[in-house]
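The values are calculated or read from the model by the stated rules, or taken from the named source; none is laboratory data. Being a predicted model, the structure only gives us computed values, none of them experimental. Cβ atoms come from the backbone with ideal geometry, glycine included; neighbour counts cover every protein chain shown.
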Amino acid sequence: MIRRCLTMSVFLLIACFATVAFASPFHDHNQAVSANRAFEALSNRGIDWPTASQIMRVATLQNYNTRLVVLSTTILGTASGLIGTFLLLRKRSLMGDALSHACLPGIGLMFMIMVALGGDGKYLPGLLLGATLTGAGGVVLVLMIRNTTRVKDDAAMGLVLSVMFGIGVAVLGMVQAMPDASAAGLEYFIYGKTASMVMQDFTLISAVAAAVTIMSLLLFKEFTLVCFDEGYASTQGWPVTWLDIAMLSLVTSVTVVGLQAVGLILIVAFLITPAAAARFWTENLKRMLLLSGMIGAISGWLGSSISALLPRLPAGAVIVVVAAVIFLVSMIFGSSRGVLLRVLARRRLNRKVGRQHLLRAVYELIESRKHPEMTDVANVAIGMDDLLHRRSWSRKQLEKLIRIAKHEDHIEYYNGKLLRLSEPGFGEAARITRNHRLWEMYLIKHADVAAAHVDRDADTVEHVLGAEMVRKLEIELVKRGQTLLVPPSPHTIITGA
């Protein structure tokens, strides 16, 4: 089954473009309409803001050309998001960029071949076939450099990207110098020309997107294994090289059919940005695939719709900008790895650490004033000056911690000079001090930490101790024959400090 899937994915691209290449050209009157509108937009340097009726027409896809473009970019975005997820997790994000730049020489060379055979050189399936061949050649070249030399992935992809793009620019220069051929319009493959899409493009994009989606689902388990643990997959006998080729064949398919939509420079953003945005929302791969496909579809739909409303804005660039905005929102508000979530979690942790430091410092001061004949620690008032000398706090920092502790009902009395813990605050202080000393005992016995430094080392870990770890440390306490609620400080006993 796996070898069948691999074979299908490797030859998928050839089959798709062979079918289109031998099909009869499709002529659509909307191409002429799009060309006229583009000429009018160039001659008009003002901004024509859309009316409510125009917005409604675009939103409901009433115009044929708008419907064709929006559906094409939406379908392309879905496929790009799906396969881009595996590309991102495989840590080969630059591969899409190298592949897209490697397509440029094929476009120019195929143009020259078709002109030499008596054609006009602008037959779209032929140009895409040439892009496919050189794009696939660039991918194979990257894999050869990676597998046969010590050059890393990023260096190999950067080398192929720059060299192939340089060759492409040189070939386009030769095309421009051909006396009997007009190369006008080839630059659209660099920057994209979504408005010139016809039914033939929609059919091609739909076919390739469906095939990429099916192959991604069929090889989901294999791609997942290769993305997360290539070494384990290799030792278990999985064909890692063939899986890489299959994955990159699917990437090549999406890249080539997306050249006309967003161009070879921006197609890499369409591949990577939806997947990167989805990564901020979930840790589950299946959900990430679903979110990435949805983000890609939304980016294509909104970007092409905005471009339809504002014709002076190129659709490819707008699609990428929309995807970037979604990425920015995901980066800030993502529920799994969002910056805001991490900042709030860090703030809560800092607040917890500060509160525990304050309560432990107060308890240790109370403990130090206990009469030798007393077995229990009494809750007495502690002076601010003593607390300031206990840790490296400034008075402003200490007062802030006291306000937080008072708000949490851990402090019963405070007049600016003296403070006394409340009953729940005293119990919490005893618990925190106990956990700290349990961890000190463990570090001294099992981690060979010097007694003079154990207080500092325990201070960095004790705030994240779980219940299971505390129970294990309590067992160590019982083994030492200590049954006190709060054991004495081990570094104090050893050093006499």
Residues (of a type outside the set (Phe, Trp, Tyr) and not in a helix (DSSP H, G or I)) located in segment 281-330: Thr282, Glu283, Asn284, Leu310, Pro311, Arg312, Leu313, Pro314
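Which ones in segment 330-346 are closer than 20 Å to Ile404 by Cα and either modelled with pLDDT under 90 or touching a Ser or Thr at 6+ places or on another chain (Cβ under 7 Å) (or both)?
Those that are closer than 20 Å to Ile404 by Cα and either modelled with pLDDT under 90 or touching a Ser or Thr at 6+ places or on another chain (Cβ under 7 Å) (or both): Ala345, Arg346.
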Given (1) of a type outside the set (S, T, N, Q); (2) over 17 Å from Phe86 (Cβ atoms); (3) not in a helix (DSSP H, G or I), number of the condition Ala261 does not satisfy: (3)
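When residues of segment 147-159 are filtered for being more than 24 Å from the chain's Cα centre (by Cα) and assigned to a helix (DSSP H, G or I), how many remain?
Pass one, segment 147-159, residues more than 24 Å from the chain's Cα centre (by Cα): 147-151, 159.
Now drop any that are not assigned to a helix (DSSP H, G or I), which leaves 147-148, 159.
Number of matching residues: 3.
Would you pick out the residues in segment 405-414 that are over 22 Å from Ser368 (Cβ atoms) and either surrounded by fewer than 16 Cβ atoms within 10 Å (Cβ to Cβ) or aromatic (Phe, Trp, Tyr) (or both)? Please lay out each step first, then the result.
First pass over segment 405-414, keeping only residues over 22 Å from Ser368 (Cβ atoms): 406-409.
Passing the criteria: His407, Glu408, Asp409.
Give the residues of segment 82-137 that are free of Cβ contacts under 8 Å to residues at least 12 places away in the same chain and either in a helix (DSSP H, G or I) or within 30 Å of Phe228 (Cβ to Cβ) (or both), sorted by residue number.
Once the filter is applied, which keeps residues that are free of Cβ contacts under 8 Å to residues at least 12 places away in the same chain and either in a helix (DSSP H, G or I) or within 30 Å of Phe228 (Cβ to Cβ) (or both), segment 82-137 yields only Ala116.
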Residue that is out of contact with any Leu (no Cβ under 9 Å at 6 or more places or on another chain), assigned to a helix (DSSP H, G or I), closer than 30 Å to Ile475 by Cβ and touching a residue at least 40 places away in the same chain (Cβ under 8 Å), where the choices are Arg355, Arg360, Arg434: Arg360
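Any idea which of Ala211, Ala261 is in the same structural domain as Tyr64 (by TED's automatic domain parsing), of a type in the set (Gly, Ala, Ser) and either touching a strand residue (DSSP E or B) at 6+ places or on another chain (Cβ under 7 Å) or modelled with pLDDT of 85 or more (or both)?
Values: Ala261 fails: either touching a strand residue (DSSP E or B) at 6+ places or on another chain (Cβ under 7 Å) or modelled with pLDDT of 85 or more (or both).
On inspection, the qualifying residue turns out to be Ala211.
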Sole residue being among the small types (Gly, Ala, Ser) and crowded, with 17+ Cβ neighbours inside 10 Å, chosen from Ser305, Ser368: Ser305
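Conditions (1) modelled with pLDDT of 50 or more; (2) of a type in the set (Asp, Glu), marked per residue:
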site: Cys16; (1), (2): no, no
site: Ala35; (1), (2): no, no
site: Asn44; (1), (2): yes, no
site: Asp48; (1), (2): yes, yes
site: Leu71; (1), (2): yes, no
site: Leu76; (1), (2): yes, no
site: Gly84; (1), (2): yes, no
site: Cys103; (1), (2): yes, no
site: Gly126; (1), (2): yes, no
